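Here the structure is laid out as structure tokens; the discussion comes afterwards.
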Amino acid sequence: MLTKTKQAQKLLLFRLSGDRLFGIGTLKIREILPFMRLSKLPHSHHAVIGTAMFRGSAVPVIDMAAAVGHPPLTPDEQAKASIIITDIQRQEIGFLVRGVNQIIEADWKQVMPPPKALGERAFITGLLDREGDIIQLLDVELLLAKVYPESLLTEDVALTDVQSETLKALNILLVDDSQVARKQLSDALDSKGISYQVTSNGDEALQILLTNDELNKPIDILVSDIEMPGLDGYELTFNLRDNAAVKQPYVILHTSLNSEMSLSYANQVGANEALTKFDAKELLQAMLRGADQAR
């Protein structure tokens, strides 16, 4: 039985410079630590200021202000700063921020896409107006790609001719608000000559699904991010599953979160699978499982 579970979407608010507020989802956060002595990393990106020991592991720490183009924190500012330990795309990363503000509950439907005038180099995926304060939601995938460009490389996945032709015959829709994630998804399919449609938000994705169904060209496989402005991945999946008139695709929710809680919600709203970004082999294998179901 499907349940429209309302997951508490919480954001950690913090500052990088001045009074401007930024936010990231708390499901990405492992812990918030006061600044500590860091071990230097030779030959690293200028924004990587060292490594911190966290639960027995050495975790790289990125000065988030420097990474997004603000002045780096001075030694005096670092002493008063906080380190946010995150779990993103299967790795632990620490972000040094000037000051942690608070944790708030947020409705993703109220999150607005960033203005197109900001261009593709903007490190934000959405804007949230909270009592007159505009909170910028950071695109941590884009930030990590800038610091670690090798993370954008997509592994070559071996497929048989039959598997390739099977996927080429499907109508596939990709939806993700992060430009880095969209590139990773697109590269994985482009390398195999597999066609697809792609969009950056859940509202457009739902419209594409409905339009394709009306044209008798239903989407066979939907790969969707979870945390997105407007209609998030959970709501998109539930609305789709709740519409009996639409031919149902195989739904793969694709997220940078490693949280078991997020995967549990995915099952409750009717997703077929939930994967943690980004593993091209896992993604293509999941699509092949969807192809078997579509036959």
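The table for this structure:
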| read-out | value |
| --- | --- |
| Residue check for I32: under 26 Å from E150 (Cα atoms), out of contact with any Cys (no Cβ under 9 Å at 6 or more places or on another chain) and β-branched (V, I, T) | no |
| Yes/no for G50 being touching a residue at least 12 places away in the same chain (Cβ under 8 Å) and either touching a Phe, Trp or Tyr at 6+ places or on another chain (Cβ under 9 Å) or on the phi > 0 side of the Ramachandran plot (or both) | yes |
| Single residue of L41, L13, L27 found to be at pLDDT 90 or above and of a type in the set (A, V, I, L, M, F, W, C) | L13 |
| Single condition I219 does not satisfy, out of (1) of a type outside the set (G, A, S); (2) closer than 30 Å to K10 by Cα; (3) more than 18 Å from the chain's Cα centre (by Cα) | (2) |
| Entirely in segment 29-140, the strands (runs of 3 or more DSSP E) that have 2 or more residues that are open to solvent by 50 Å² or more (accessible area, probe 1.4 Å) | 29-34, 57-63, 91-97, 99-105, 124-130, 133-138 |
| Every pair of residues 6+ apart whose Cβ atoms lie under 8 Å, when the first sits in segment 109-136 and is more than 19 Å from M64 (Cα to Cα) while the second is part of a helix (DSSP H, G or I) and modelled with pLDDT of 85 or more | K109/E235 |
| Boolean, N272 is crowded, with 19+ Cβ neighbours inside 10 Å, within 19 Å of R289 (Cα to Cα) and touching a residue at least 12 places away in the same chain (Cβ under 8 Å) | yes |
| Segment 139-176: number of residues that are touching a Gly at 6+ places or on another chain (Cβ under 7 Å) and within 28 Å of A67 (Cα to Cα) | 1 |
| Qualifying residue in segment 65-78 (condition: more than 25 Å from A122 (Cα to Cα), at pLDDT 90 or above and among the small types (G, A, S)) | no |
| Checking E155 against (1) assigned to a loop (DSSP other than H, G, I, E, B); (2) under 30 Å from N216 (Cα atoms), the condition it does not meet | (2) |
| Qualifying residue in segment 179-196 (condition: within 30 Å of V59 (Cα to Cα) and free of Cβ contacts under 8 Å to residues at least 24 places away in the same chain) | yes |
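Yes/no matrix, rows are residues, columns are (1) modelled with pLDDT of 90 or more; (2) touching a strand residue (DSSP E or B) at 6+ places or on another chain (Cβ under 9 Å):
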| site | (1), (2) |
| --- | --- |
| V175 | yes, yes |
| L189 | yes, yes |
| P218 | yes, no |
| I226 | no, yes |
| G230 | no, yes |
| N243 | yes, no |
| K247 | yes, no |
| A271 | yes, yes |
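The values are calculated or read from the model by the stated rules, or taken from the named source; none is laboratory data. All values reported here derive from a predicted model rather than from experimental measurement. Glycine also receives a Cβ, built like all others from the backbone with ideal geometry; neighbour counts cover every protein chain displayed. Ligands, DNA and RNA are excluded from the accessible area calculation, which covers all protein heavy atoms including side chains. Shrake-Rupley method; radii C 1.70, N 1.55, O 1.52, S 1.80 Å.
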